[in-house]
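Beneath this line is the structure, given in structure tokens, with notes to follow.
All of the numbers you see were taken from the coordinates with simple rules; none came from a lab. Keep in mind that what you see is a predicted model, and the values were worked out from it rather than measured. Note: ideal-geometry Cβ built from the backbone for every residue, glycine included; neighbour counts use all protein chains shown.
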Amino acid sequence: MTQFKDLDPILHSQLRLAVVSVLMGVEEAEFSYLREQTSSTAGNMSIQISKLKEAGYIEVEKKFRNNYPLTICQITPLGKKRFAEYVAALKEYLNPGN
């Protein structure tokens, strides 16, 4: 019988998984870009970014551009590691016994 690994509860949220997936492909991303890529509301995106930051999966830098607030997100080495583990666990679910 195949023993399935637990899926990371931080990444198992659809929006958090989408954010990390986007960040895996870029060096860094602005809040507005992440919102556009995930079709998220500002409030929901803010909450999910906070959860990812608290877990240590992303770094968040807040600054200003032309007197407007700017939030920039970047995936951490831990975030990359957890994402790879999550993908590997999903592959086991899709191909049990391989």
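Of the residues 26, 60, only one is aliphatic (A, V, I, L, M), part of a loop (DSSP other than H, G, I, E, B) and more than 11 Å from residue 16 (Cβ to Cβ); which?
26
Filtering the stretch 24-43 to residues that are touching a residue at least 12 places away in the same chain (Cβ under 8 Å) and either among the aliphatic types (A, V, I, L, M) or under 14 Å from residue 71 (Cβ atoms) (or both) leaves 24, 28, 29, 30, 31, 34, 40.
If you take the residues in the stretch 73-94 that are among the hydrophobic types (A, V, I, L, M, F, W, C) and in contact with a helix residue (DSSP H, G or I) (Cβ under 7 Å, 6 or more places away or on another chain), which one is farthest from residue 27 (Cα to Cα)? Explain how you work it out, then say what you get.
Restricting attention to the stretch 73-94, the residues satisfying the condition of being among the hydrophobic types (A, V, I, L, M, F, W, C) are 73, 75, 78, 83-84, 87-90, 94.
After this cut, where a residue has to be in contact with a helix residue (DSSP H, G or I) (Cβ under 7 Å, 6 or more places away or on another chain) as well, the list is 73, 75, 83.
Details: 73: 9, 75: 8, 83: 15 Å.
Filtering the stretch 73-94 for residues that are among the hydrophobic types (A, V, I, L, M, F, W, C) and in contact with a helix residue (DSSP H, G or I) (Cβ under 7 Å, 6 or more places away or on another chain), the one farthest from residue 27 (Cα to Cα) comes out as 83.
When only residues in the stretch 45-62 that are out of contact with any helix residue (DSSP H, G or I) (no Cβ under 6 Å at 6 or more places or on another chain) and of a type in the set (Ser, Thr, Tyr) count, which is surrounded by the fewest Cβ atoms within 10 Å (Cβ to Cβ)? Filtering the stretch 45-62 for residues that are out of contact with any helix residue (DSSP H, G or I) (no Cβ under 6 Å at 6 or more places or on another chain) and of a type in the set (Ser, Thr, Tyr), the one surrounded by the fewest Cβ atoms within 10 Å (Cβ to Cβ) comes out as 50. Here the stretch 1-16 is the region considered, the condition is being among the aliphatic types (A, V, I, L, M) and in a loop (DSSP other than H, G, I, E, B), and the residue that is farthest from residue 54 (Cα to Cα) is 1.
Residues in the stretch 63-98 that are exposed (fewer than 14 other Cβ atoms within 10 Å of the Cβ), among the hydrophobic types (A, V, I, L, M, F, W, C) and outside any helix (DSSP H, G or I): 64, 70.
Would you confirm, using the coordinates I've provided, whether residue 16 is at negative phi and free of Cβ contacts under 8 Å to residues at least 12 places away in the same chain? No; evaluated as a whole, the condition is false for this residue. Whether a residue is surrounded by 14 or more Cβ atoms within 10 Å (Cβ to Cβ), out of contact with any Phe, Trp or Tyr (no Cβ under 8 Å at 6 or more places or on another chain) and closer than 25 Å to residue 90 by Cα was assessed, and residue 29 does not pass this test.
Would you call residue 19 aliphatic (A, V, I, L, M), farther than 25 Å from residue 95 by Cα and part of a helix (DSSP H, G or I)?
Details: aliphatic (A, V, I, L, M): yes; farther than 25 Å from residue 95 by Cα: yes; part of a helix (DSSP H, G or I): yes.
Yes: the conditions hold for residue 19.
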